[in-house]
Amino acid sequence: MMKWLNERLNIDALMASMFEHPVPKRSNFLDYLGFATLFVFISQAVTGILLATKYIPSADGAWASVKNIDSTVIGHCVRSLHSWGANFMIVIVVLHLLRVFYEGAYKKPRELTWVAGAILLLGTIGLSFTGYLLPWDQTGYWATVVGTALTSYMPGIGVYIQDMMRDGSVVTGATLTRFYSVHMLILPAIILLAFGLHFFFVLRQGMSATDELTEAKHRGEDIEKQSLPFWPNVAWRMILTVAVVAIALWVLAGVFPKGLGDAADPLNKAHFIPQPAWYFFGVYQMLKYFHGSMDIVGMVVLPLVFVVVILALPWLDRNPSRLKRKRPVALSVAALIVLGLVFLTYQGMESVPKPLPSGIVAHPSFAANIEPIFQSKCISCHGPGSVYVLDNYKDVTSKNIVPGKPDSSKLILKLEGKIQPQMPLGQTPLKNDQIQTIRNWIIDGAKNN
């Protein structure tokens, strides 16, 4: 059988290219993050298929089916592995791309290898976003409402893109079915294609780490003293890297199993405050720095610039050298961007608002009833140092309030959406009882009590 296959597919040459090439001795575990990414994706595919056998992709059945999955030890374990696997895959893909960038391995002749990796990153982000809605709980539902709403800020076509993503103007069971189809069929196909192309390019061009051996060989040097055989030396390092990732994944899934929130309530009677997954906190925090007509910069321009830059990087960076000392500008800019995203992510996690009590207060006081609303819903964007501060009584009332006249107060008009954009930006609007409480406070004279 092997002889028959070898005559038709030349398997011996393929296996030789995979296992018999030398690798520099200086290689380390960071060089094997691509292989670790493949392992996590396989884990995601297996656990996803197992979950799909019990999952019901409809508004009526999704939450109950997930709850049924969690009712068994094995089912809960599989779902936790799948949830943690999504986090692992994003982290590992980002680290792998940063490693490739640091080594300059995206330069000629490996431009297409980089593009395939960039597509893998974008596909992974898409998988995480579409998968967040599938449990049909409050967290996933409202994060999807906010996330899809951001696309509406694109001039001209934004509303159409939002409606296409939602399969309508609002998030419904049709949205769930659409997200499930994209999550299970379209994005995995794109990622598999990206993986296939990525590994094909690596096999044809070799790993960038082997370039120094090729250059040494051309200089007539003995490369055996500078290298290790891929099999078994380097292959065992790859296996050990995957084993470490697998153990970490299983331990975290066991110690911190994935929970399930309350079933999605489109009316949000419990006043649930939406918040994104941790890997989107940086993006959401960045949006808070853009106000009014500048919204489009944070919601449209910067994300599009990021996508274009990451896909076109090999052609944008015209410096032919891969040596670190000859790439100070590129490495410095990349370091600043990474540090900025880490800082924004931390800020976003720290500024998640706390839930507010419900119910209309007939004669509210500023300290007890009004200020907590602003601290929860507004302060993350309009805190000290922002363009439009709502941090204290003076800032809230200045130019925003006409005492005794709520319908003439700019604050009420913004909260009710009569002046666009409706506030709070990037969150669900205030509930009627919260707005009415603020109205009652204004009717009473907007006192500092």
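Worth a mention:
- From most to least packed by mean Cβ count within 10 Å, the peptides 148-154, 442-448 give 148-154, 442-448.
- Amide proton proximity set for Asp137, modelled H, under 5 Å, gap of 5+: Ala264
- Its residues counted as N, region 23-264 yields a C-alpha radius of gyration over 2.2 N^0.38 Å of 1.19.
- Counting all C-alpha pairs of region 65-176, share separated by more than 22 Å (%): 52 percent
- Here the dipole of region 23-264 is about 300 debye; that uses its Cα centre as origin and unit charges on the Cβ of Lys and Arg (positive) and Asp and Glu (negative).
- Among Ile161, Ile90, Ile191, a tally of other beta-carbon atoms within 10 Å of each Cβ gives an order, fewest to most, of Ile161, Ile90, Ile191.
- With contacts taken as Cα pairs under 8 Å at a separation of at least 6 residues, region 23-264 carries a relative contact order of 33 percent.
- Inter-site label distance for Lys394 and Ile49 at 7 Å from Cα along Cβ, in nm: 6.6 nm
- Peptides 238-244, 140-146 ranked from most to least packed, by the mean per-residue count of other Cβ atoms within 10 Å: 140-146, 238-244.
- Paramagnetic reach from Ala246 in region 49-92 [backbone N under 12 Å; point 7 Å along Cα→Cβ]: none
Computed from the coordinates by the stated procedures, all read-outs in this text should not be read as laboratory data. What you see is a predicted model; the values in this text were computed from it and never measured. We place every Cβ from the backbone using ideal geometry, glycine too, and count neighbours over all the protein chains shown.
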